[in-house]
Structures are given as C-alpha cells and as structure tokens.
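The values are calculated or read from the model by the stated rules, or taken from the named source; none is laboratory data. Note that the structure is a prediction, hence the values are computed from the model and not measured. Methodologically, a virtual Cβ is constructed for each residue, glycine included, from the backbone with ideal geometry; neighbour enumeration extends over all protein chains shown. For the accessible areas, the whole protein counts, side chains as well, though only heavy atoms, and no ligand, DNA or RNA atoms are used. Shrake-Rupley method; radii C 1.70, N 1.55, O 1.52, S 1.80 Å.
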Amino acid sequence: MENKVITRFAPSPTGFMHVGGIRTALYAFLWAKKNKGTFILRIEDTDKEREVEGSLNHIIESLNWLKINWNEGPNIGGPHNPYLQSERLDLYKKYAQILIDKGYAYPDPYTEEQVDEFREKAELAKKPFLYREHRPAKFDAWDGTKPLRFKTPEIKSYKWNDLVYGDLSAGPEALDDFILIKSDGYPTYNFAHIVDDIEMKVTHVMRGQEFISSTPKFLSIYEALDVKPPLFATLPPIMAPDGKKKLGKRDGAKDILEYRNEGYLPEAIVNFLALLGWNPGDDREIFTMDELVEAFDISRIGHSGAQMNLEKLDWINKEHIKRLSREELKNNIFKYLPDDLRIEKIIPIISERISKWEDIKNMVSGGELDLFYKKPIFSKEKLIYKNTSPEKIADNLKQAINALEKLKEKDFTNENIKNALMQIADKLENRGELLHPVRYALSGLDKSPDPFIIADVLGKNETLSRLQKAI
Ligand code: GLU
C-alpha cells in the first residue's frame, strides 16, 4: 500500500471549467487509473471573494460529462471527508499551531497602512517588497484577528526535480513570509493545499506552470513541517491556435460544457485534451478512455506549449462518431431532425457529412437535407453533362426510369438502384452522362449525396416523379 499512487484535482470554484483545467484533471485521473491508485477531487474554496456561485456544480457536471470520475471527493466522500476546504478550517488551524509551536509562524503586527508604507518605500528604492525584511523581533500570541505569517526558516536557493521539466531551481528572492491564515480565518492557497496534500497522502501533484515560481515557498513549508514533498509534474501551457500566445477566452478557452452544447462527444473531448501536451510515442491519435489509461505516461508529457487546434478536435470527433454503434448514432442524430426526416436510411448520409451534432442543424434548415422534403428547383443547363446534347440526356433519363420502374417497391434499395443505373451508365461513353443528370434531377444541388442513396430515401414514387420532371 505504501507506494500507492494518489493524485488530485484541486480546482477553485471561481468560474467555469475550461480546457486547461479539464486537461489537468484528466492527466491526474489517467495517472491514478494507470497505477491502480486513487484520484481525489478537492475543492479549494478558501478565497471567498473570488468565488463564483454555481461553480462547484459546474465543476462536477463537467467532470461527470467527461467521465473523469473521482474515487474520493464531493458527493461520494471518502476517508478524508469533507473535500471542500472551507469545511476543513480546523485542520489548517492544527497545522498552523504546529508551525507556531516550532517557531515558524507569527501574527502579522502591522496595520494595512503600515504595510502600504513598506511597499511604497520598496517601490521608491526600486526593490521588490519583501515582508520578511520587516519581520518583527517579538510578537504576540496569535488570536486569529491578525493574519498568521510563515516565518521562512531559511532564506536560501531551492533545487527540485520536476517529472516533466527536470531539474528546476529558484533563488531566495522567491521566498517571503507569506500569509498562512488570513484574518477572516481562511487559509491561503499556499498553505491549505500543502496541508491537504499531506493529509490526503498525495504522491503526484500535477498543475500548470504558474505554480513553479511559488515552489520554493511550498518546499520551505514542507521542510518546516518535516514532511517529504510529493512529486511535482508541471504541465505545459496550452497555446492559442496561432501558437504564439497562451490560450485566452477569445481563442476557445470557453466553458467546457459549451462543447457539449455544440454537439461534441465527451470521448472526443477527452481524446483531444489527452493529446494536448502528451503523446503516446507512436502515431496513434484515436483513443478511448481505457486506451488512454493504458497508454498514458508522465514521461511523455511535452515541455513546449500545446497548440489548441480546433480542426483537429473536429477530426477527432468525426472519428469517434464513426465508432458509435448504429443505435447510438440514431439516437443522437434523430434528436436534431424534424419528425419527417427521422428515417433510418438517412443516418449514413448525415453521419458521413458531419463532424459534430450541431452540423446537422445546418443540413436541415436551408441545407442539404432540404432535398428530401422539398421538390428541387433546378435549371435546365445544369442537367446537362459537359457537352452531351439535351436529347441524349433526356434519353438517358428515360432509360433510367424504365429500369427503376421494374424494381418492386420493396426492392427499391440503395444497392439495387445502383446496380440498375450502373448497367445503363456502363454502356455510355461516360458514366456521368447518366449519373450526373439523375443526381441533379433528384437533388437540384451542385453537390449532394450520391443519387442511389437519395433515390432510396425518397422512395420509388418520388424518385420517378423527379426524373420525369427533368425530362
Ligand atoms: N486551486 C488551485 C487552482 O485552481 C490548485 C492548484 C494546484 O493544483 O495545486 O489553480
């Protein structure tokens, strides 16, 4: 049990979940699963000013949609109940007391005005403001009304190993007497996450690059508590589609549930995010969750920024659509179709043409599917194939009608229609002399599904009537 891998995703409920957050959750989940370990969801809600109502539900709904399931956390509980930091305040006080007893924490004696003065002085001297330079020689006992500060034990350089970025280091400038517990009684992120990672026995901490610069602070707390720190795996930044800057709201850093509204499959989002900063070491690109668990490895997380490529997301989604069962396809597609188009035969026409469900909307109203329930309006000229004469075209269409008339209603299927028409087309100088006018007569569109499938969906009567009209 000693070596059991324990990871956690520790979001703050300060807004919606976007691709960056979800990717962090996914990697931590995959690593725990791969090692038959535990994946914890912990909510870091200690900054009450930044909290956004509804975020907790949003986090839970997003992870549930993507099947990034936690072994311990909100709703399901676990041995470290509760999993909301705001409900764990006593625990942080307990750890604060340990630091006070060891002489590593003190109540901040200054008023806000005094601190402002220190800051201004430092600015005038063009020096960074460091609280530790104003550390009082003596201090009162902590009664909770003042912020509790960490008395950084040793101002020194730190070196540590990051599982992704290798050896990292930072000098003493990264250390300061930062706040452990604020005057409102809530701990800071810097302190609370360490207490929880220790209590929850987290072995691997995965998070973004923004935490590298604070790592010396974290390490000094671990030292003061005399606890071995977990392993750190820093994830590469996600870059905007142009690859030049970090992904911002304008380039797709939107609410992850919006992808659900647009009709992406959860499996595709997971697949896409897994590849945003990690690669399997071979050329595989399409993965189920189980395959990701199998293939995932921290050692293959990249260093350089991962470019957000929405075309790739569409491609991955299309590949996952292809892998759905007939039943799943039908259920999803029918949701977007008007009643009279909910016919089995139409499914392949649609599934081959979309990359996400929302694309169906464009096919239905004023789009390609119109041809199935509206008589096409077509121009004579467009019926003509290259320089074939109109008489020849009419004659070919007559032959088509004759052949199709012979098919019984129940045999009027894609395959039989194709056979019948191909027999005629193969005798012509060019197949297009028949297939083009048939397709155009049935659809009235410059581009459409092939004529056989259209005829199949339209049925015998409607097909013959449209061909007749063209003649
Ligand atoms: N609550 C922090 C955040 O949302 C978590 C960082 C961490 O994983 O330690 O950014």
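See the values below:
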| item | result |
| --- | --- |
| Surface share of carbon and sulfur [accessible, 1.4 angstrom probe, percent] for the chain | 48 percent |
| Top positive-direction residue, dipole computed over region 53-101 with Cβ charges, set Trp70, Pro82, His58 | Trp70 |
| Dipole axis of region 270-337 (+1 Lys, Arg; -1 Asp, Glu on Cβ), positive-most option in Thr288, Ile301, Ile316 | Ile316 |
| Computed helical MRE - 222 nm, the chain, DSSP H runs ≥ 4 contributing -39500 (n - 2.57), nearest 500 | -12500 deg cm²/dmol |
| Cα-centred dipole magnitude for the chain, charges only on beta-carbon of K, R (+1) and D, E (-1), debye, nearest 20 | 1200 debye |
| Peptides 43-53, 135-145 ordered by average Cβ neighbours within 10 Å, highest first | 43-53, 135-145 |
| Accessible area of the chain divided out per residue, in Å², using a probe of 1.4 angstrom | 50 Å² |
| Members of Lys34/Lys318; Lys182/Lys246; Lys406/Lys427; Lys398/Lys427; Lys392/Lys418; Lys48/Lys93 lying beyond 23 Å, as alpha-carbon distances in this model show | Lys34/Lys318; Lys182/Lys246 |
| Rounded tilt (10° steps) of 414-425 against the dominant C-alpha axis of the chain | 50 degrees |
| Using θ = phi - 60° and Karplus 6.51 cos²θ - 1.76 cosθ + 1.60, couplings along region 123-134 (whole Hz; Gly, Pro as x) | 4, 4, 7, 6, 10, x, 7, 10, 5, 4, 6, 10 |
| Amide H partners (placed H, <5 Å) of Asp162, local residues excluded | Asp167, Leu168 |
| Relative contact order (percent, whole number), the chain, Cα cutoff 8 Å, 6+ residue spacing | 13 percent |
| Other-chain or far-sequence residues with amide H under 5 Å of Thr38's (modelled H) | Val5, Ile6, Thr7 |
| Among Tyr110, Ile333, Thr152 - extreme Cα towards positive end, dipole of the chain, charges at beta-carbon | Ile333 |
| Share, in percent, of DSSP beta bridges within the chain that are antiparallel, nearest 5 | 50 percent |
| Under 12 Å from Lys410, Cα to Cα: aspartates and glutamates that are on another chain or at least 8 residues apart | Asp456 |
